[in-house]
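Read the structure below first, then the notes.
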Amino acid sequence: MASLAPASFGAALAAAHDAAGAQHYPQGTLYVVATPIGNLADITLRALHVLQLVDAIACEDTRHTQTLLRAYGIDRPGSRLLAVHQHNEAEAAQAVVARLAQGERIAYVSDAGTPGVSDPGARLAAAVRAAGQRVLPLPGASAVTTLVGAAGLVADGGDGNASSAFVFAGFLPSKAGERDTAVQALLQEPRAVVLLEAPHRIEALARALAALGERRVTVGRELTKQFEEIATVAASALPAWFSADRDRTRGEFALALHPVAVSGDDGAEGERVLRLLLAELPVKTAVKLAAEISGAPRNTLYETALRIRNGAGDEKEEEEES
């Protein structure tokens, strides 16, 4: 993460107080705070205010978080930082719950991005909610949505609209056999799929994804950082793309598999599934499920559903008149 002098954020801290200070921040609440994935300037004003306000900050790595806070000019003693990571999250969550019960405000941050998205935080939030205490999310940076926003996930051969549906698969298994099995499952998934990967496994993942053939993959490397790179290539070309420049294997990665092109057969299958669902379900629910099952465009299915329903209504009126 880029290093900036604390003075660089002096104006931001003042703006955070002015913009967010008058809002209500209830006691006995866990504040789940998203932090930048690379560029320190991607912090929100509300996050800066809350990180100064809370009684303690639970974090994936106390040293990393202390460095982050100092970069913003926020001085919190080490005693106010609580280690909550993947190896102790279940036990540490109970300590957080106990402190919330005493009326403390506690923030939780992972090393980068939004907690609970392939980072610790989900078990903590679940434990707090199970105890009847409040979890208040502060949205912000996420590698997932950052890549989706830049990838241009359009289903070629469909209705030409950008796909609103994607599947977040996170990190695939590290063992070769399990990873290959997961990739084979992706062959059956027509929607866009977002993956994350570490630099030491990216080439192995590229070789596994090559089995997807001509399906397009957008690679986001070092998103928001100085050497950010975003490129779209065919899955079969991924290994060659990485080997062409060794710098391409450095950094953190997010990858988006583009949605499968929709053919006429998919449209016919979508209508068949839709007709079956419409017999039992409301239009919106039937359309949603038919799109997920068949991969056909939702807009097209919705228009088809209206045509089917209107046609059924006309037939019913004719029967009543006769």
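The values are calculated or read from the model by the stated rules, or taken from the named source; none is laboratory data. Because the structure is a prediction, the values reported are computed rather than measured. When we count neighbours, we look across all protein chains shown, and the Cβ atoms used for this are built from the backbone with ideal geometry, even at glycine. The accessibility values were calculated without ligands, DNA or RNA, using every heavy atom of the protein model including side chains. Shrake-Rupley method; radii C 1.70, N 1.55, O 1.52, S 1.80 Å.
Of all residues in region 168-203, those satisfying the criterion of being out of contact with any strand residue (DSSP E or B) (no Cβ under 9 Å at 6 or more places or on another chain) and either open to solvent by less than 30 Å² (accessible area, probe 1.4 Å) or assigned to a loop (DSSP other than H, G, I, E, B) (or both) are PRO173, SER174, LYS175, ARG179, VAL183, LEU187, GLN188, PRO190. Taken together, LEU30, LEU53, LEU48, LEU13 contain a single residue that is open to solvent by 40 Å² or more (accessible area, probe 1.4 Å), hydrophobic (A, V, I, L, M, F, W, C) and farther than 22 Å from GLN226 by Cβ, which is LEU53. If we scan region 285-296, do we find a residue that is modelled with pLDDT under 90 and part of a loop (DSSP other than H, G, I, E, B)? Within region 285-296, one or more residues are modelled with pLDDT under 90 and part of a loop (DSSP other than H, G, I, E, B). Each residue in region 71-106 was checked for being over 27 Å from the mean Cα position of the chain (by Cα) and assigned to a helix (DSSP H, G or I), and 8 of them qualify. Being at pLDDT 85 or above and either open to solvent by 30 Å² or more (accessible area, probe 1.4 Å) or under 23 Å from the mean Cα position of the chain (by Cα) (or both) is a property that holds for ALA279. Of the listed requirements (1) open to solvent by 40 Å² or more (accessible area, probe 1.4 Å); (2) more than 30 Å from ALA11 (Cα to Cα), ALA151 misses just one: (1). Counting the residues of region 39-66 that are free of Cβ contacts under 8 Å to residues at least 40 places away in the same chain and more than 11 Å from ALA12 (Cβ to Cβ) gives 4.
For region 263-276, the candidate set comprises residues that are at pLDDT below 85 and not polar (S, T, N, Q); within that set, the residue that is surrounded by the fewest Cβ atoms within 10 Å (Cβ to Cβ) is GLY264. I'd like to check something: does region 109-131 contain any residue that is at pLDDT below 95 and in a strand (DSSP E or B)? Scanning region 109-131 turns up no residue that is at pLDDT below 95 and in a strand (DSSP E or B).
Of all residues in region 157-173, those that are closer than 9 Å to ALA192 by Cα have Cβ atoms under 6 Å from Cβ atoms of residues that are in a strand (DSSP E or B) and modelled with pLDDT of 95 or more, 6 or more apart or on another chain, in PHE166/VAL194; VAL167/VAL193; PHE168/VAL194.
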